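Participant: Input: one structure, supplied below.
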Amino acid sequence: MTPRFRLTTKILMLALGNIAALGILFLAFVRWQLGQDFESFLMTTARERILSQSRSIALEMRDSEEKNWNSILAEHSEAQGVTFALYRSNGELVAGPKLNLPQEIRERMIAVPPEIRGGRPPEFPRELPPARVMAAMGGGPFLVSASTEGGNKYWVTMRTFIPQSESNQRPSRGMLIIASPNLLTNPFFFQLGPWLLIGVVAMGVSLLCWIPLVRGLTGSIEQMTAATAKIAEGDFDTQLRVKRQDELGLLGASINRMAARLGAFTHGQKRFLGDVAHELRSPLGRMQLALGILERKVEEGDADYVRDLADDVKVMSGLTDGLLEFAKAEMRQDRVTLAPVNLADVVWRAVKAESRPGVEVKVDVDPVLMVNAETECLFRAVANVIRNATRYAGEAGPIQVAANRAKGEVSVVIADQGPGVPDEHVDQIFEPFYRLEYARDRESGGAGLGLAIVKSCVEACGGRVFCKNRTPHGLEVNLVLASA
């Protein structure tokens with residue numbers, strides 16, 4: 001079963017979500033603390049850029065004729081993605097497009113600070129630093145957030161000077177207006193790159209901190225998942241290499257103890273079944289001998305009772321033989337030595353051993369096909385499947401035994417044309433003592449150990465077994481072994 005979402009993905013997504021949540025909370029806190037000055041905080045990195053643009057515009061206008069001032073502002077507007085306009089302190093437009101200025105901008109335009117009121121504006125040599133320019137102009141840029149009919153929402157005012165021209169007999173002070181419909185998405189005001197870089201670095205550092213922990217957790221869990229899957233399949237020798245000193249380490253140690261206890265319990269159970277079956281064979285043999293003698297001496301009126309008792313003893317003897325065979329198959333799993341085996345020889349031997357009058361068995365197995373198995377285990381598995389098919393579907397049509405090789409494996413398919421198995425029972429028929437209702441009668445039913453023995457023998461050979469219903473009827477048992 002494959003998980004829908006891997007644990008690694010969940011933990012890393014949680015870590016990234018935590019970083020994003022902290023970032024949002026930080027921005028919300030800053031916005032709450034700064035209030036109306038939040039936009040000014042975001043525009044901090046743009047101050048030097050605004051001063052540089054104001055200085056550049058002032059110098060270009062000083063060195064060119066007044067008729068070229070509109071084109072100078074238009075070029076800067078197009079290059080920076082904003083709108084530049086130059087106004088006098090009285091609100092008169094000097095150059096640039098006529099803007100619908102907010103009231104706060106108009107008031108600031110008229111209100112000239114006392115420290116720069118009167119006098120000639122300073123000269124601006126090209127090598128003058130921006131900080132000196134800002135001091136000479138009377139302060140830095142001022143941001144106003146106000147929507148107007150023109151679509152502009154953000155306004156920046158920057159005090160500058162108007163060069164001497166035909167309409168301006170001497171240099172005077174003015175106001176450079178910068179208008180934009182947005183702030184965060186305009187690189188002139190807000191450089192998103194550094195903030196993204198900070199976010200990426202924060203995420204990278206967080207991942208470097210989280211990944212070793214996550215890999216350690218998921219690696220241990222994957223090992224435990226694989227180990228418990230093997231234990232569920234009956235491999236109780238599985239042991240985890242526990243190196244952790246935390247809760248997962250304790251869990252791994254508990255899994256090791258559980259596997260050892262289950263292995264000891266299962267081994268004891270198998271030995272118990274084998275010992276009981278072996279011990280029962282002797283008294284059952286004596287009972288059958290005594291019943292044979294008694295049957296010859298009993299009176300005619302009591303002969304039916306003796307025959308019924310003999311049938312019961314026969315059933316008990318068959319059950320005991322099945323138990324002993326099952327116990328041997330289970331006990332041999334750890335002691336089986338695998339070697340190349342000719343599959344056709346084993347199949348024909350099993351067909352001969354389980355053949356019955358009136359039952360046709362067709363064999364289609366390549367005489368040179370070899371599998372990696374143990375001869376007696378493979379014979380017992382094939383013989384039990386053929387016996388089961390003969391018992392329940394021998395009269396319905398021929399039983400077919402075929403084999404084919406693909407991708408390093410050999411599949412032995414034994415199919416009949418009987419009633420099959422109800423779909424809800426298909427996965428259970430290989431369990432010990434499991435029998436369908438119609439297989440519980442004395443004449444045809446067994447102990448429910450035949451297919452369980454098949455499973456034990458095939459798994460002892462390193463293979464696997466499964467079955468499925470055929471269409472329109474019948475059952476197909478598939479023994480898959482490694483090719484030799």
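The values are calculated or read from the model by the stated rules, or taken from the named source; none is laboratory data. Note that the structure is a prediction, hence the values are computed from the model and not measured. Cβ: placed from backbone, ideal geometry, glycine included. Neighbour counts: every protein chain shown.
Participant: May I ask you to verify whether T390 is within 45 Å of the chain's Cα centre (by Cα) and either among the hydroxyl-bearing types (S, T, Y) or not assigned by TED's automatic domain parsing to the domain that holds C461 (or both)?
Facilitator: no
Participant: Can you tell me which residue is modelled with the lowest pLDDT among those in the range 432-484 that are under 21 Å from V412 (Cα atoms) and polar (S, T, N, Q)?
Facilitator: Looking at the filtered set, the residue picked out is S456.
Participant: Working carefully through the options T228, T238, find the one that is assigned to a helix (DSSP H, G or I) and either buried (at least 16 other Cβ atoms within 10 Å of the Cβ) or of a type in the set (S, T, Y) (or both).
Facilitator: That would be T228, the only listed residue that is assigned to a helix (DSSP H, G or I) and either buried (at least 16 other Cβ atoms within 10 Å of the Cβ) or of a type in the set (S, T, Y) (or both).
Participant: Same structure again: What is the number of the single condition among (1) at pLDDT 80 or above; (2) in contact with a helix residue (DSSP H, G or I) (Cβ under 6 Å, 6 or more places away or on another chain); (3) within 30 Å of L59 (Cα to Cα) that S220 does not meet?
Facilitator: In the conditions (1) at pLDDT 80 or above; (2) in contact with a helix residue (DSSP H, G or I) (Cβ under 6 Å, 6 or more places away or on another chain); (3) within 30 Å of L59 (Cα to Cα), S220 misses (3) alone.
Participant: In addition: With the requirement that a residue be in contact with a Cys (Cβ under 7 Å, 6 or more places away or on another chain) and in a helix (DSSP H, G or I), what does the range 348-394 give you?
Facilitator: Correct list: C377, L378, R380, A381.
Participant: Any idea which of L289, L251, L208 is exposed (fewer than 15 other Cβ atoms within 10 Å of the Cβ), assigned to a helix (DSSP H, G or I), at pLDDT 80 or above and not assigned by TED's automatic domain parsing to the domain that holds A15?
Facilitator: The conditions single out L289.
Participant: Quick test for you: out of E92, E60, pick the one residue that is closer than 20 Å to E166 by Cβ, surrounded by 15 or more Cβ atoms within 10 Å (Cβ to Cβ), without any contact (Cβ under 8 Å) to a residue 60 or more places away in the chain and out of contact with any Pro (no Cβ under 9 Å at 6 or more places or on another chain).
Facilitator: Just a single option satisfies the conditions, and that option is E60.
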